[in-house]
Amino acid sequence: MIAVIPAYDPDEKLLNLIMELQSKTDYLIVVVNDGSDNSNLSLFDEIERSVTVLHHEVNKGKGRAMKTAFEWIKAQGFSNEGIITVDADGQHLIDDIKKVSEVWRKHPEALVLGSRMFTGKVPFKSRFGNGITRAIFATSTGVRVYDTQTGLRAFSTELIDRMIAIDGERYEYEINQLLTCTRQHIPIVEETIETVYINKNETSHFDVIKDSWKIYRTILAFAGSSIISWIVDYLLLLLLTGLFSAITNGAGFNIHGFVLNFTAEPKLPALVIARIVSSIVNYVLNKNVVFSSKSRGSVFRYYVLAVIVLAVNYLLLHVLDAIMPLWLAQIIVQLVIYPVNFVAQRKFVFHNKGN
């Protein structure tokens, strides 16, 4: 097992962690000095006598520090080995590190998380922040992860190229890692660990505003496909409804004896055309970006679902038309349909067998 420890301005807790790891495990230890202050160099000099230390001249962020270690491990030619990332602040207990490592050995194809249950005296910002991230992550991906921000994670060297390719240089890297696993169908396994906060987590370098925004921005971008296609659908519906009402003036169109009166019912053709355009946008984004699906037959399943959703959309609009304006009715209908449609696409349309 290879233990990767990113460290920025650490204290003696890092030295204690390394000493305990060396006495209780046979792990290869790689520490990354992420541009720490010169006052910390003596600590790294002491550590470097017994473990590998990689250096950043300036602070580049936790994500970049881990990638630096992964690149070094790859260059050494390690294969069929496990990598476990450990925080330098002493909040991961040795027994928990060993436990996560053992779970990984049983699930070498997975990303294994050491998940805290947030029991006992936990700082409010940590409990609240993880709760919000957990809820948004589950809604956006359909994957439930209890501790989305844990730094104690294990995976195989066989996944190292994928881990290096993940976007993010700072704390957002860890949420991106989870998103990548959901997209690429890498299993995520959680193992419960102790919840430890030393001095109310005062030594953490997590910037509540800046780093939280990076994390939540990434998650919200994951659901951006639906937002974009909804905007296209919504604007086209309003535009085409008004256009058909204005240009036909009650005459309608006679196609082989079938009269389509746009003035009498302009919403139906407008809704159909708007949905066709927005569905193409939505399908391409969902298949290639959101779900990264290679499932065969997804086009057919997608449009079967689209027809059902269109019919429900039209019926609900028809019911609400008598009591509210179209623009408000369509917003309400979409709020009802969106979560059902999302789950159906994830479970039925873009589901890859075996994952």
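Could you tell me whether K62 is under 24 Å from the mean Cα position of the chain (by Cα) and surrounded by 15 or more Cβ atoms within 10 Å (Cβ to Cβ)?
yes
So is V319 without any contact (Cβ under 8 Å) to a residue 40 or more places away in the chain, assigned to a helix (DSSP H, G or I) and either open to solvent by less than 50 Å² (accessible area, probe 1.4 Å) or in contact with an Asp or Glu (Cβ under 7 Å, 6 or more places away or on another chain) (or both) or not?
no
I'm trying to understand the selection: among the residues of segment 273-304, which are assigned to a helix (DSSP H, G or I), at pLDDT below 85 and either open to solvent by 40 Å² or more (accessible area, probe 1.4 Å) or of a type in the set (A, V, I, L, M) (or both)?
L285, K287, N288, V289, V290
Output the residues belonging to segment 26-57 that are of a type outside the set (K, R), open to solvent by 30 Å² or more (accessible area, probe 1.4 Å) and closer than 13 Å to L15 by Cβ.
S42, D45, E46, E48, S50
Can you confirm whether segment 133-141 contains a residue that is within 30 Å of G35 (Cβ to Cβ), at pLDDT below 95 and surrounded by 15 or more Cβ atoms within 10 Å (Cβ to Cβ)?
Checked segment 133-141: at least one residue is within 30 Å of G35 (Cβ to Cβ), at pLDDT below 95 and surrounded by 15 or more Cβ atoms within 10 Å (Cβ to Cβ).
Does K106 satisfy the condition of being in contact with a Lys or Arg (Cβ under 9 Å, 6 or more places away or on another chain) and open to solvent by 40 Å² or more (accessible area, probe 1.4 Å)?
No; evaluated as a whole, the condition is false for this residue.
When A251 is evaluated against the numbered criteria (1) more than 22 Å from I231 (Cα to Cα); (2) buried (at least 16 other Cβ atoms within 10 Å of the Cβ); (3) modelled with pLDDT under 70, which criterion, by number, is the only one it fails?
A251 satisfies all of (1) more than 22 Å from I231 (Cα to Cα); (2) buried (at least 16 other Cβ atoms within 10 Å of the Cβ); (3) modelled with pLDDT under 70 except (2).
Just give me the residues in segment 304-355 being of a type in the set (G, A, S) and under 30 Å from R144 (Cα atoms), in sequence order.
A306, A344, G354 - these are the residues of segment 304-355 that are of a type in the set (G, A, S) and under 30 Å from R144 (Cα atoms).
The values are calculated or read from the model by the stated rules, or taken from the named source; none is laboratory data. Keep in mind the model is a prediction, meaning the values are calculated, not measured. Methodologically, a virtual Cβ is constructed for each residue, glycine included, from the backbone with ideal geometry; neighbour enumeration extends over all protein chains shown. With ligands, DNA and RNA removed, areas are computed over all heavy atoms of the protein, side chains included. Shrake-Rupley method; radii C 1.70, N 1.55, O 1.52, S 1.80 Å.
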